[in-house]
Amino acid sequence: MNSEFPIGIFDSGIGGLTVAREIIELMPNEKIIYFGDTLHLPYGEKSKEKVVNYCSKICHFLLSKKCKAIVIACNSASSLALDYIKTEVGSNSIIFNVIDPVVDCVNNLQNKKIGIIGTNATINSKVYESKIDKLKKKLSVFSLATPLLAPMIESGFHDASIKKKIIATYLKHNKLKEIETLILGCTHYPLIESEIKNFYNKKVNVISSLNAIGLHIKNKLQKKKLLNETQNSEKHEFFVSDLTTSFQNSSKIFFNNDINLKEKNIFNEK
Ligand code: DGL
């Protein structure tokens, strides 16, 4: 493995772009290869078997592109497929997930009542509860599945008042009524972070932890001497399994039009 090899990042759609942007900002010498599995989103509503199968194909695709690290930039995939991915490709590439760095942030919090929102897959897996439990900090965790949010964000839904109502309907839920901190347990949610913060009007600490995720990856690559020290002259590459208009629009907004985006259906290939 070589420090000049790229970092692979994947998600079901545009959510992982929030992680990709953070990585590019923190590690400007790195080349990114992104895969958005738009053909199969939302992952949060799929069975474990299906998600594991999609992740396996994506990881092998990223390995074929010589990725030194693979970032599972999706909470649903991290919840359902992390163990499988580590076993299957962990000896060929460094595997990062987006849940552990967030749990590390919880470890440093003073608040005791923590809310988590995420997809059905993430919330039903109870992965956050079990990892937070291991911190032995006697925290109360209140989790709520908010399955409409990721598809709403992915579709580029812009009607502000309906968006506000959907967000408020979830956040007013009884389960979240006492929380002091809210974890955004889906990589799509930083895209509506300001609306969520507006709902709470500073009464609740809202954390997406993108920066913590980026720093965690940077530190680990540095320790393993795999951080690219030379300037990257190659363009980042973005692949999607289905070239949707919303992905095209969002990725251009994220990366100022300067993007090399291709459709690639890796699922039919032998
Ligand atoms: N961005 C993904 C996550 O963090 C999920 C959205 C989905 O495909 O359901 O869970």
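Values computed for the structure shown
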| read-out | value |
| --- | --- |
| Charge tally in the Cβ shell below 15 Å around E229, where Lys, Arg are +1 and Asp, Glu are -1, E229 excluded | +4 |
| Among the listed pairs K46/K131; K86/K134; K57/K134; K138/K164; K131/K264; K165/K202, those beyond 25 Å (Cα-Cα) | K57/K134; K138/K164; K131/K264 |
| Among 83-95, 114-126, the order from most to least packed when residues are scored by Cβ within 10 Å on average | 114-126, 83-95 |
| Interchain or long-range residues, amide H under 5 Å from V240's placed H | G36, K262, E263, K264 |
| Taking all pairs of distinct alpha-carbon atoms in the range 1-160, Kirkwood radius in angstrom | 16.5 |
| Kirkwood-based shape ratio for the chain, expressed as Rg/Rh from alpha carbons | 0.95 |
| Charged-residue dipole, Cβ positions (Lys, Arg, Asp, Glu), the chain about Cα centre, Debye nearest 20 | 840 |
| Pair E234, M1: separation of 7 Å Cα→Cβ label points (nm) | 1.7 |
| For the range 41-54, 3J(HN,Hα) per residue [Karplus equation, 6.51 cos²θ - 1.76 cosθ + 1.60, θ = phi - 60°, Hz, x = Gly/Pro] | 6, x, 4, x, 10, 9, 6, 4, 4, 5, 4, 4, 5, 5 |
| Hz values of 3J(HN,Hα) by residue in the range 62-69 - Karplus curve (6.51, -1.76, 1.60), Gly and Pro given as x | 5, 5, 5, 9, 6, 5, 6, 9 |
| Three-way shape call for the range 100-193 based on the alpha-carbon gyration tensor, with the a/c threshold at 1.5 | prolate |
| Inter-label distance, nm, simple model (7 Å from Cα along the C-beta direction), K172/N111 | 2.1 |
| Local electrostatic count at N256 - Lys and Arg +1, Asp and Glu -1, tallied over other residues with Cβ under 14 Å | +1 |
| Shape box of the range 147-245 [Cα atoms, principal axes, largest first, Å] | 49, 35, 19 |
| Cα centre as origin, Lys/Arg/Asp/Glu Cβ charges: the range 14-152 dipole, Debye | 280 |
| Isotropically averaged projected area of the range 53-133, using the convex hull of Cα atoms (one quarter of hull area), nm² | 5.7 |
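Computed from the coordinates by the stated procedures, all read-outs in this text should not be read as laboratory data. The shown structure was predicted, so the numbers you read here are calculated from the model rather than taken from an experiment. Reconstructed Cβ throughout: ideal geometry from the backbone, glycine too, with neighbour counts over all protein chains shown.
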